[in-house]
Structures are given as C-alpha cells and as structure tokens.
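Engineer: Could you have a look at this structure, given as structure tokens, before my questions?
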Amino acid sequence: MLSPKEFIDDAVKKIKDEINDEKAVIALSGGVDSSVCSVLVGESIGDNLTAIFVNHGLLRKGEAEQVINTFKERLNFIYVDASDEFLEALRGVTDPEEKRKIIGKKFIDVFEREASKIDAKYLIQGTIAPDWIETKGKIKSHHNIALPSGMVLEVVEPIRELYKDEVREIGSELGLPDEIIHRQPFPGPGLAVRVIGELTRDKIQICQEADAIVREEVEKAEFDKELWQYFAALTNTKVTGVKGDQRDFGYLVVVRMVASFDAMTAYVPEVPWELIRTISRRITSEISEVTHVSLSISDKPPSTIEFA
Ligand code: XMP
C-alpha cells in the first residue's frame, strides 16, 4: 500500500510518460474525484491539461464561485456559464428522467464545443474503483471515446484503482481545501432532481437559498458528520400560510437528511429537534416565497435519496 505522497509521485510520472507532450482535457465539476484528478494531472503535465468547468445553472448557492476560486490559479481552467442554454433546453419539461437525459446530452454538447477548441488527444476521467466494479468491469481500462461530432479521445483514468477515502487522502496531500475533499455527494443533474416540476430561475433560486440554510445550520451544529447527504428540495405544491397579518400562498420545502454507507440504502437518523426548528424558522422567514417546511422521514428503500 503506497502512502498518498508515493501514490502522487508515481501517478505524476506515469501520466507524464503516457501523455507525453500531447494535450488533455477534463470535465471538472468540483466534486472530489474530478478535482483530485485535475490537480494530479495538472501537477504532471501543467498547461497541457485544460480543465473545463461547465455551470449548468443547477448548482448549489456559491458553488460556481467556490470552484472558480479554488482552481483558476492552479490549473489551465476554462469556466463556461451555460445556464441559459440548459434552462432553455429544459423549458416545459417536468419528467425527472427526461430532465436527466436533456442535461446529460446538453452537457456533452457544451463540453465538446469547448474541447474542440483545444487540439486534445486525451480525455481525463475521474473514474474510481466502485464506478467500474459496480458495472462489473464493463468499462474497459483502456478505451477511446467518440463524441457526437466524431471527435475521438483516448481515455485516461489516473485514480481508477482508488476508493473514496483514498481519493480524499490524495486530495488532502495535494492541498485541496476541506470544502472540496469532504463535500457531500451532489448529483450530476444538480438541482434538477430537487426542484419538482418545471425548472424556472425563480424555483431554482428558492431551492438554492433553502439548501444553503440547511447546509449552514447542519454544519454549524456539527451534525454533518452523522450524515451522507443533507439538503432542501422544492416541491411543486403551494400551501397556505400567514405572514404578518396577511394570508399567504407559498411553496412547501422539504428538508432531507440521510445517513448511509454507499447510497444503496439510507436511513433518516434521529435529528436534533432544535436544529430542525432553526432550519424551518430561517427558511420561512428568510425566503418570502416559502410558507411551509417539512422534514422527510422516509428511508431508502422504498424512497430514493433524491426527490426525482
Ligand atoms: P437515489 O436518489 O437514487 O440516489 O437514492 C443515490 C445516490 O446517487 C445520487 N444521484 C445521482 N447522481 N446523477 C448523479 O450523478 C443522477 O442522476 C443521480 N441521481 C441520484 C444521489 O445524490 C445519491 O447520492
């Protein structure tokens, strides 16, 4: 078993030998796997790696800024704000699987558009061991990938043999900040799976604000250590409330906090009452469009962790 430092020295050398003086691209999401991969390959081939960060407009509050600030000095980094394009493609779509498909396809389009400006031969992917073990090794370790335009890239997966805790150790050794290393899992389609019904800028923003309150309070109470994921989802249901002395008709927000080992199953632990109460009061007083907050108490199965 190599130490993190030995793994890094070894990987940097191997990547250099493999890629040589060619160019490589990576889709950097700010998640721990793609972040560690980007920095590792950046240490190895410098500016011959271009890290492309696509903002689909469905990120959490402050997330785009955090990713930009972490990587803009450290990597040859391209930021693409494609939120208008994604929202346009998602207009009127309510079915969750349809949303996922549109986002997946759009993501490839946008990434490819940026990647085609670089004469890259390699695509770096942050695949880790559970990704291919769970698909029973269906993804071959050496393969090419053909993008829709016909552009063919050779795939390099520098952290393919690692498990999540090892990726975190490597990230720490590489000097990545804690917010990246210990970030809770966040789905690729982002808030599209947490905002029920049609996605609009307003609804996304309400979900972002509520989610930021959940994260802030859970972390302040140090309850995050007990949880796999903790977030807010915005339902498409409006309920009556009173604000001031006026009757109000606003959104129902659901707070979900789950404990899990691998997301295959999950349970809702006993949550400190004071924490829930603070979250609920803050959401209804700070977000004018919300009149009601409820707590999800369903385990997986039968519920899934996400709402859509
Ligand atoms: P569910 O909701 O199926 O989620 O219990 C299990 C884990 O997977 C994440 N998740 C996704 N991740 N694309 C992703 O990259 C998706 O479409 C997606 N859907 C769910 C979820 O956050 C949880 O950790």
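Rule-based calculations on the coordinates, nothing more; no lab input. Since the model is a prediction, treat every value here as computed from it, not as a measurement. Glycine also receives a Cβ, built like all others from the backbone with ideal geometry; neighbour counts cover every protein chain displayed.
Engineer: Just to be sure, is Leu174 surrounded by 14 or more Cβ atoms within 10 Å (Cβ to Cβ), more than 16 Å from the ligand (Cβ to nearest atom) and either closer than 30 Å to Val254 by Cα or under 21 Å from the mean Cα position of the chain (by Cα) (or both)?
Structural biologist: Considered against the rule, which asks whether it is surrounded by 14 or more Cβ atoms within 10 Å (Cβ to Cβ), more than 16 Å from the ligand (Cβ to nearest atom) and either closer than 30 Å to Val254 by Cα or under 21 Å from the mean Cα position of the chain (by Cα) (or both), Leu174 comes out as yes.
Engineer: When Lys220 is evaluated against the numbered criteria (1) within 14 Å of the ligand (Cβ to nearest atom); (2) among the basic types (Lys, Arg); (3) more than 20 Å from the chain's Cα centre (by Cα), which criterion, by number, is the only one it fails?
Structural biologist: Going through the list (1) within 14 Å of the ligand (Cβ to nearest atom); (2) among the basic types (Lys, Arg); (3) more than 20 Å from the chain's Cα centre (by Cα), Lys220 breaks only (1).
Engineer: Kindly list, by first and then second residue, each pair from a residue in segment 55-79 that is assigned to a loop (DSSP other than H, G, I, E, B) to a residue that is buried (at least 18 other Cβ atoms within 10 Å of the Cβ) and β-branched (Val, Ile, Thr), limited to pairs with Cβ atoms under 6 Å and residues at least 6 apart or on different chains.
Structural biologist: Taking only residues 6 or more apart or on different chains, the pairs are Asn76/Thr50.
Engineer: Next question. Conditions first: (1) away from the ligand (no atom under 16 Å from the Cβ); (2) surrounded by fewer than 17 Cβ atoms within 10 Å (Cβ to Cβ); (3) more than 25 Å from Glu73 (Cα to Cα); (4) more than 18 Å from the chain's Cα centre (by Cα). Gln205 passes all but one, so which condition is the exception?
Structural biologist: Gln205 satisfies all of (1) away from the ligand (no atom under 16 Å from the Cβ); (2) surrounded by fewer than 17 Cβ atoms within 10 Å (Cβ to Cβ); (3) more than 25 Å from Glu73 (Cα to Cα); (4) more than 18 Å from the chain's Cα centre (by Cα) except (4).
Here's the yes/no breakdown for (1) touching a strand residue (DSSP E or B) at 6+ places or on another chain (Cβ under 7 Å); (2) at negative phi; (3) surrounded by 16 or more Cβ atoms within 10 Å (Cβ to Cβ):
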position	(1), (2), (3)
Asp33	no, yes, yes
Phe53	yes, yes, yes
Leu59	no, yes, yes
Glu73	no, yes, no
Ile78	yes, yes, yes
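Engineer: In segment 271-297, what count of residues is obtained for those that are more than 19 Å from Ala233 (Cβ to Cβ) and not charged (D, E, K, R)?
Structural biologist: 3
Engineer: Can I ask one more? Give me the pairs: first residue in segment 289-308 and closer than 17 Å to Ala210 by Cα, second residue assigned to a loop (DSSP other than H, G, I, E, B), beta-carbon distance under 8 Å, and six or more apart or on different chains, which are they?
Structural biologist: Leu295/Val271; Ser296/Val268; Ser296/Ser303; Glu306/Pro187; Glu306/Arg194; Phe307/Arg194; Phe307/Ile196
Engineer: Under the condition of being away from the ligand (no atom under 16 Å from the Cβ) and closer than 16 Å to Leu252 by Cα, which residue from segment 177-199 is surrounded by the fewest Cβ atoms within 10 Å (Cβ to Cβ)?
Structural biologist: Looking at the filtered set, the residue picked out is Glu198.
Engineer: Turning to a different aspect of this structure: How about segment 98-115: which of its residues are of a type in the set (Gly, Ala, Ser) and within 11 Å of Ile52 (Cβ to Cβ)?
Structural biologist: Scanning segment 98-115 gives a single hit, Ala115.
Engineer: To continue, here is another question. For segment 231-263, which positions are surrounded by 10 or more Cβ atoms within 10 Å (Cβ to Cβ) and outside any strand (DSSP E or B)?
Structural biologist: Within segment 231-263, Ser260, Asp262, Ala263 qualify.
Engineer: Could you tell me whether any residue of segment 170-189 is without any contact (Cβ under 8 Å) to a residue 60 or more places away in the chain, of a type outside the set (Ser, Thr, Tyr) and farther than 24 Å from Thr70 by Cα?
Structural biologist: For segment 170-189, residues without any contact (Cβ under 8 Å) to a residue 60 or more places away in the chain, of a type outside the set (Ser, Thr, Tyr) and farther than 24 Å from Thr70 by Cα: absent.
Engineer: Something else about it: Looking only at residues in segment 225-264 that are in contact (Cβ under 8 Å) with a residue 12 or more places away in the chain and among the basic types (Lys, Arg), which one is nearest to the ligand (Cβ to nearest atom)?
Structural biologist: Looking at the filtered set, the residue picked out is Arg256.
Engineer: Take segment 288-308 and flag every residue that is buried (at least 16 other Cβ atoms within 10 Å of the Cβ), part of a strand (DSSP E or B) and away from the ligand (no atom under 11 Å from the Cβ).
Structural biologist: Matches in segment 288-308: Val290, Thr291, His292, Val293.
Engineer: Being of a type in the set (Gly, Ala, Ser), more than 16 Å from the ligand (Cβ to nearest atom) and either crowded, with 16+ Cβ neighbours inside 10 Å or outside any helix (DSSP H, G or I) (or both) is the filter here; which residues of segment 265-287 pass it?
Structural biologist: The one that is of a type in the set (Gly, Ala, Ser), more than 16 Å from the ligand (Cβ to nearest atom) and either crowded, with 16+ Cβ neighbours inside 10 Å or outside any helix (DSSP H, G or I) (or both): Ser280.
Engineer: Taking the condition of being part of a helix (DSSP H, G or I) and out of contact with any Lys or Arg (no Cβ under 6 Å at 6 or more places or on another chain), how many residues in segment 191-206 meet it?
Structural biologist: 8
Engineer: Out of contact with any Leu (no Cβ under 8 Å at 6 or more places or on another chain), of a type in the set (Gly, Ala, Ser) and closer than 22 Å to Ala24 by Cα: is that true of Ser149 in this structure?
Structural biologist: So Ser149 passes the test.
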